[in-house]
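Note sheet for the following structure.
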Amino acid sequence: MSLNYPGYFVSFEGIDGAGKSTHIEAFGKLLQERHPNREVVMTREPGGTPLGEQLRKLLLDAPMHLETEALLMFAARREHIAQVIEPALQAGKVVISDRFTDASFAYQGGGRGLSLSKLNELELWVQERKNGVLLQPDLTILFDLPGSVAEARRSKVRAPDKFEQMDLEFFERVRQEYLRRAKEDQQRFYLIDATQTQEAIWNLLKGLEINI
Ligand code: TYD
């Protein structure tokens with residue numbers, strides 16, 4: 001069940017190298033053009049607030065215990081919801097976030113092996129509003145592709161951060177957890193086969209019917 005804010009919440013997800021960053025800015029501009037009366041807010045996780053951006057630096061660089069990592073991801077998220085996401089949704093804005101809680105299930109859960117029950121508890125803690133109803137994206141666009149294809153794309157681009165240095169098996173587990181979440185909540189997820197060309201993917205995004 002999702003909460004009925006006057007705004008609309010979209011998250012972009014996928015393993016590193018899936019190509020979501022290529023499209024997210026343009027998608028925000030597209031929604032802004034289509035809905036000139038709505039403000040579109042672009043944000044990201046971990047990050048999105050001054051505190052969250054400081055936590056991001058630590059999370060992407062510093063080695064730490066798996067549970068510390070998960071707790072800091074959710075701490076950054078708590079701040080992000082309080083400062084940015086919830087006020088924007090209450091004000092009727094469209095929020096587009098580069099990653100949200102599905103990434104914690106995929107990376108800390110699937111990738112690193114933190115138990116799903118702990119992740120469920122953290123999700124409830126941070127996102128539960130009333131009567132067990134969770135603050136969740138209205139739409140999650142998942143860029144899905146095999147870990148090997150993503151790895152080949154990543155190696156062309158830039159120096160890897162802590163997560164991007166992980167091996168192929170790690171990213172395959174991350175991918176499988178994303179797919180499990182997508183299967184569990186098919187209404188929320190829009191799955192994109194990210195092995196397609198950029199142009200084909202952009203056409204899919206342009207064709208998405210969104211009831212904002
Ligand atoms: P990413 O979104 O890929 O940004 P960039 O394109 O600048 O590299 O990087 C964020 C990294 O953080 C990514 O590797 C996934 C990881 N992450 C988690 O492990 N758990 C989370 O809950 C979130 C939000 C991100």
Cβ pairs under 7 Å, 6+ apart, first in the range 38-55 and under 17 Å from residue 104 (Cβ atoms) and without any contact (Cβ under 8 Å) to a residue 60 or more places away in the chain, second more than 14 Å from the ligand (Cβ to nearest atom) and assigned to a strand (DSSP E or B): 43/95
Residues (hydroxyl-bearing (Ser, Thr, Tyr), touching a helix residue (DSSP H, G or I) at 6+ places or on another chain (Cβ under 8 Å) and more than 27 Å from residue 130 (Cβ to Cβ)) located in the range 1-36: 22
Only one of 168, 179, 208 that is at pLDDT 95 or above and under 28 Å from residue 75 (Cβ atoms): 179
Scan of the range 187-202 for residues that are under 16 Å from residue 22 (Cβ atoms) and not hydrophobic (A, V, I, L, M, F, W, C), ordered by number: 193, 195, 196, 197, 198, 199
Cβ pairs under 7 Å, 6+ apart, first in the range 160-178 and acidic (Asp, Glu), second away from the ligand (no atom under 12 Å from the Cβ): 172/147
Residue list for the range 175-212, restricted to those being surrounded by 11 or more Cβ atoms within 10 Å (Cβ to Cβ), assigned to a helix (DSSP H, G or I) and of a type in the set (Asp, Glu): 177
Residue list for the range 73-98, filter: more than 9 Å from the ligand (Cβ to nearest atom), part of a helix (DSSP H, G or I) and out of contact with any Ser or Thr (no Cβ under 6 Å at 6 or more places or on another chain): 75, 78, 81, 82, 85, 86, 87, 88, 89, 90
Residues of the range 147-192 classified as closer than 30 Å to residue 209 by Cα, away from the ligand (no atom under 14 Å from the Cβ) and over 19 Å from the mean Cα position of the chain (by Cα), total: 1
Within the range 99-118, tally of residues that are surrounded by fewer than 20 Cβ atoms within 10 Å (Cβ to Cβ) and either within 16 Å of the ligand (Cβ to nearest atom) or at positive phi (or both): 6
Inter-residue pairs, beta-carbon under 8 Å, first closer than 13 Å to residue 122 by Cβ and among the aliphatic types (A, V, I, L, M) and in the range 62-84, second away from the ligand (no atom under 12 Å from the Cβ) and assigned to a helix (DSSP H, G or I), 6+ apart: 70/118; 76/51; 81/127
Qualifying positions in the range 89-141 - within 16 Å of the chain's Cα centre (by Cα), closer than 16 Å to residue 3 by Cα and among the aliphatic types (A, V, I, L, M): 94, 95, 126, 134, 135, 139
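The values are calculated or read from the model by the stated rules, or taken from the named source; none is laboratory data. Note that the structure is a prediction, hence the values are computed from the model and not measured. FYI the Cβ positions are ideal-geometry reconstructions off the backbone, even for glycines, and counts take in every protein chain you see.
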